[in-house]
1. Looking only at the stretch 1-31, count every residue that is part of a helix (DSSP H, G or I) and either within 22 Å of Ser84 (Cβ to Cβ) or more than 17 Å from the chain's Cα centre (by Cα) (or both) and tell me the total.
2. Between Ser84, Ser116, which is surrounded by fewer than 12 Cβ atoms within 10 Å (Cβ to Cβ) and either at pLDDT 90 or above or within 30 Å of Trp24 (Cα to Cα) (or both)?
3. Kindly check whether there is at least one residue in the stretch 59-80 that is under 18 Å from Asp17 (Cα atoms) and of a type in the set (Phe, Trp, Tyr).
4. Can you find a residue in the stretch 57-71 that is crowded, with 18+ Cβ neighbours inside 10 Å and modelled with pLDDT of 90 or more?
5. Only one of these is in contact with a helix residue (DSSP H, G or I) (Cβ under 8 Å, 6 or more places away or on another chain), free of Cβ contacts under 8 Å to residues at least 40 places away in the same chain and farther than 22 Å from Arg74 by Cβ: Phe150, Phe181. Name it.
6. Being of a type in the set (Phe, Trp, Tyr) and under 16 Å from Met73 (Cα atoms) is the filter here; which residues of the stretch 2-50 pass it?
7. For the stretch 137-151, which residues satisfy the criterion of being under 12 Å from the mean Cα position of the chain (by Cα) and buried (at least 20 other Cβ atoms within 10 Å of the Cβ)?
8. For the stretch 171-185, state whether one or more residues are surrounded by 11 or more Cβ atoms within 10 Å (Cβ to Cβ) and at pLDDT below 85.
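The values are calculated or read from the model by the stated rules, or taken from the named source; none is laboratory data. All values reported here derive from a predicted model rather than from experimental measurement. Counting neighbours? That spans all protein chains shown, and the Cβs are built from the backbone with ideal geometry, glycine included.
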Amino acid sequence: MIEQHRRCALTLSAAEDAFARREWAAFTEQIRTLRDALLAHFAAEEEFMFPRFENRTGLREPTWQLRLQHQRMREILEALASVSPAHDPEGCGAELVTLAVLYRQHREVEEDGMYSAAGDSLPSDPVQPAAPPALDLRGLEPPQPIVQIFEALKRAPEQPLKVVLPHEPHPLYGLLREQGFAWSGAARADGGFELTIRRA
């Protein structure tokens with residue numbers, strides 16, 4: 001988990017550097033890379049780390065606060081990944097500053113308190129869990145969920161992709177079939193729909 005934090009911090013710094021140089025294509029690429037890495041990291045924490053911390057300590061407030069921070073950072077990442085920084089550099093810059101402050105504070109809290117308190121209750125290799133962490137696409141306006149699914153599949157077509165959507169995505173199935181992908185899915189207890197996509 002700490003190594004994931006380090007890699008995300010390096011990508012965030014690269015995005016900040018690209019923004020400062022007004023290299024918009026590089027900035028957008030770094031933000032998308034950061035978004036994918038942080039979403040996977042958040043999912044691993046929410047599925048593995050936080051439940052183990054809660055079971056070990058009996059505390060819910062710390063993880064509740066961290067989940068709220070995850071959600072806020074998800075919102076900022078999606079906004080930064082979907083807008084053109086050249087058209088609104090001031091707005092993007094403000095969002096980037098907010099993201100950087102949130103992430104660095106969040107990382108410090110987790111590494112100084114959460115990780116040490118969770119101790120040996122963590123999985124032996126949380127960086128590479130047995131099941132891929134889910135990409136949570138709830139809250140995005142169409143067609144962004146489908147766009148992001150196919151972008152993720154393009155980046156790693158041979159790796160199974162797990163996504164969480166607000167409901168079962170019937171229109172997506174024909175598109176996946178045309179591109180040579182198979183899928184399986186099920187409703188979640190929280191009302192969403194979890195879908196796993198893999199090469200047919």
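1. Step one: filter the stretch 1-31 for residues part of a helix (DSSP H, G or I), giving 2-20, 24-31.
Subset that is either within 22 Å of Ser84 (Cβ to Cβ) or more than 17 Å from the chain's Cα centre (by Cα) (or both): 11-20, 24-31.
So the answer is 18.
2. That would be Ser84, the only listed residue that is surrounded by fewer than 12 Cβ atoms within 10 Å (Cβ to Cβ) and either at pLDDT 90 or above or within 30 Å of Trp24 (Cα to Cα) (or both).
3. no
4. Taking every residue of the stretch 57-71 in turn, at least one turns out to be crowded, with 18+ Cβ neighbours inside 10 Å and modelled with pLDDT of 90 or more.
5. On the way: Phe150 fails: farther than 22 Å from Arg74 by Cβ.
Phe181 is the lone residue from the list that is in contact with a helix residue (DSSP H, G or I) (Cβ under 8 Å, 6 or more places away or on another chain), free of Cβ contacts under 8 Å to residues at least 40 places away in the same chain and farther than 22 Å from Arg74 by Cβ.
6. Correct list: Phe42 only.
7. Of the stretch 137-151, the ones under 12 Å from the mean Cα position of the chain (by Cα) are 137-138, 148.
Passing the criteria: Leu137, Gln148.
8. The answer is no, given that none of the residues of the stretch 171-185 is surrounded by 11 or more Cβ atoms within 10 Å (Cβ to Cβ) and at pLDDT below 85.
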